[in-house]
1. Relative to the present Cα-Cα distance, how much length would full extension add between Ile51 and Glu395 at 0.36 nm per residue of separation?
2. Assuming R0 = 56 Å, what is the FRET efficiency of Asn561 and Leu342, from their Cβ-Cβ distance, to the nearest 0.05?
3. Based on alpha-carbon centroids, what's the gap between the stretch 132-208 and the stretch 538-566 in Å, whole number please?
4. Distance in nm between label sites at Ser424 and Lys500, each 7 Å beyond Cα in the beta-carbon direction?
5. For the stretch 586-670, which chymotrypsin sites (Phe, Trp or Tyr not before Pro) pass both filters: DSSP loop (anything but H, G, I, E, B) and at most 15 other C-beta atoms within 10 Å?
6. Report the Cα-based extents of the stretch 478-669 along its three principal axes, largest first, to the nearest Å.
7. Neighbouring Cβ atoms within 10 Å as the yardstick, rank Glu137, Glu631 fewest first.
8. If Lys and Arg each add +1 and Asp and Glu each add -1, what is the summed charge of the other residues whose beta carbon sits under 12 Å from the beta carbon of Phe410?
Amino acid sequence: MAPVKDIKNRKDSGQEISSLSKKIKSLRVGYLWRNVASFQLTIITILIYVICALLLIYADDLRNLIIYNNPSAKNTDIDTIPIGSAGLPSCDAALFGSCSSNHELLHSSESFKISKSIEQEIQNQLSGEILINLPNEMTLSTKEKVEIRIAKKGIKDLKKGLRGKGTPEIETIKISPIMKIRLIGDKFDIKALSHEVQPITNFDFTQWEWEIIPREVGNQSLEVSVSLIIKIPQINETLVKDYPVYEKKIKVKVSQFETMKLLILGVIVLLVLWIIISNRTNLTAWIKQKTINNSHENFDKVKSQVFKSVIIVLGNGNLGIGFPSITVQILSEGNILPIQHLGELPPAPEIIEVYHNWQSQYNGFIEEKNKISRMERKQGNVTSFSQVDIEKLAEELEEKLNKWLNAEQFLSIDRILRERFNRSDEIQVIIQSENIHVRRLPWHLWDFLKPYRKAEIALSSPFYDRTLKTAVTRNRIRILSILGDDKGINIDKDRQLLAKIDAETTFLVKPNPQELNEQLWSEQGWDILCFSGHSSSEMDGSNGWIYINDTDKLTIPELKNALSTAIERGLQIAIFNSCDGLGLANQLASLHIPQIIVMREPVPDAVAQEFLKNFLTGFASGKSFYLAVREAREKLQSLEQYYPCASWLPIICQNPAEIPPTWDSLRHTS
């Protein structure tokens with residue numbers, strides 16, 4: 001028999017084991033209950049999310065049902081100001097009372113006869129018809145076509161061939177030989193597919209087109225501004241008469257497909273969050289370790305992407321009438337969003353005259369002195385031209401340019417720029433304008449830039465976008481060098497320069513169009529395109545062409561598909577080391593190529609070779625794209641004793657939606 005003490009000890013131990021077992025069981029039940037409660041909370045959250053999403057999807061149907069059952073709530077969502085007498089009046093005898101004008105002569109007391117003659121001239125305008133085709137409903141972020149047509153009375157089939165989804169509205173209005181139409185909408189991305197100002201023909205309608213993309217849901221206003229452009233012979237003036245703005249409310253909604261995608265994504269996110277919360281201890285430790293390991297590397301990457309730039313948007317206007325609405329956007333270090341200021345510039349028609357005189361002297365000097373130029377030779381009589389005259393006109397042009405830029409209306413912009421930047425900063429100064437006289441000006445002579453030794457000028461089109469890139473793998477930087485027509489010039493020097501660069505360079509010597517297209521379509525893609533040879537542009541800078549061999553010349557539109565593909569596959573820089581390239585740059589800008597370098601005037605062969613050598617050397621050594629261009633351009637001053645104004649010729653044409661690459665970034669991307 002066991003002792004009494006042992007029996008007591010065993011009894012106590014049994015009680016302790018029983019108590020411990022109950023505690024463990026209680027803890028298990030509590031843990032299970034907490035997990036069940038957490039799961040139930042997750043399920044309830046998901047159900048609430050689903051219900052909200054379904055309400056969002058069928059919100060329109062519910063609202064229509066409410067309106068149907070409540071007659072007092074039946075007010076239309078699509079508000080339209082009619083075109084006729086209330087919207088776009090016929091501009092009859094009461095025109096001056098109902099139409100607005102931007103000409104101060106209408107309000108002056110200088111001459112009653114002049115006002116009468118203006119009124120009579122407007123009354124004499126013919127009657128016509130306007131068709132406005134705006135959509136009634138749109139889907140968020142979905143592109144739609146907008147069309148407006150104007151025709152003289154009697155033109156049939158005004159509705160024929162419309163591509164927009166709206167309900168066309170036609171009204172009778174007064175029309176002038178030239179008319180202007182603008183489409184305005186703060187809540188839409190609007191891309192013009194035709195010019196604002198167009199002539200009205202006798203036998204067919206004139207059409208304005210836009211592509212619009214709504215950016216916000218709801219009833220959004222879209223406005224149409226129609227203007228008569230009338231020449232008044234008595235005062236030798238052209239007046240603009242504006243019709244009252246035509247406004248339409250467009251219902252913008254979210255597609256059910258997009259809503260369902262958001263719903264599914266939300267459910268996935270909630271499930272992922274639940275998993276993360278359940279394993280938060282391990283996840284926190286992993287994130288902490290990863291953050292410590294990569295903090296310095298990430299900081300360096302972000303810092304390397306910071307750059308300083310100024311975009312000066314000149315807007316509507318020209319040197320003859322001035323630029324009344326200039327927008328300046330400044331992006332400085334430490335800010336990912338730009339700041340914006342407004343200004344204006346007065347008329348300066350004398351700049352155009354001095355520039356044309358300089359250009360005539362410069363082009364004549366190149367031909368007369370038999371300087372080897374990368375421009376197609378022109379036959380004709382040659383007048384005597386002096387280098388001294390060119391230099392005097394260059395000084396006069398610089399003086400008038402700075403007098404214009406130092407105008408009182410623009411001084412506030414100059415002051416703000418000086419406050420924002422240090423003299424040691426690398427600055428991109430982008431002049432955004434389509435005006436050819438503005439694009440041809442020697443902007444690098446602007447007084448503001450002189451103390452900023454690392455600032456460089458670039459030109460930009462008002463319309464730009466970022467091309468979606470496809471993933472292409474290549475081991476080295478790839479350069480496509482096109483060696484075109486070489487009559488009278490030595491482009492073999494360009495070949496020697498490119499061959500020395502640490503890159504995979506393919507040389508196309510006098511290719512035919514098919515060979516050039518095949519290379520541009522290369523599956524591996526290209527980083528840099530370099531053309532050497534003869535080229536030229538239209539006088540208005542609208543188009544240009546390159547001479548790819550002794551007989552064939554090509555425009556950029558003829559290479560559109562091949563170049564677009566090359567850009568999608570990583571083409572970053574296009575260099576046209578040839579004459580008069582602003583027309584080429586203008587066409588390339590429509591393809592949204594990131595960076596272009598062209599010569600703005602005819603370029604002597606020695607100048608082209610020296611620039612290419614210095615730019616490639618500086619860029620490949622690690623200098624930024626803009627700094628490499630500036631230094632290569634300024635080094636051309638050593639040649640100006642033989643070739644006046646050589647340092648004026650190279651110019652960057654920048655796509656503001658893209659960040660200029662470095663040589664290392666090209667290598668890394670490749």
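1. Numbers: separation 344, 0.36 × 344 = 123.84 nm, distance 7.33 nm.
Gain on stretching Ile51 to Glu395: 116.5 nm.
2. On the way: r = 40 Å, r/R0 = 0.72.
With R0 = 56 Å, the Cβ-Cβ based efficiency is 0.90.
3. 31
4. 3.1
5. On the way: sites: Phe611, Phe615, Phe619, Phe625, Tyr626, Tyr642, Trp648, Trp663; in loops: Tyr642.
Answer in residue order: Tyr642.
6. Principal extents (largest minus smallest coordinate, Cα): 45, 39, 31 Å.
7. Ordered by Cβ neighbours within 10 Å, fewest first: Glu137, Glu631.
8. Values: positive: Lys403, Arg415; negative: Glu344, Glu408, Asp414, Asp447.
In short, -2.
Throughout, read-outs are computed from the coordinates displayed, never taken from laboratory work. For clarity, every value in this text was computed on a predicted model and none was experimentally measured. With ideal geometry, Cβ positions are generated from the backbone for all residues, glycine too; neighbour counts draw on all protein chains shown.
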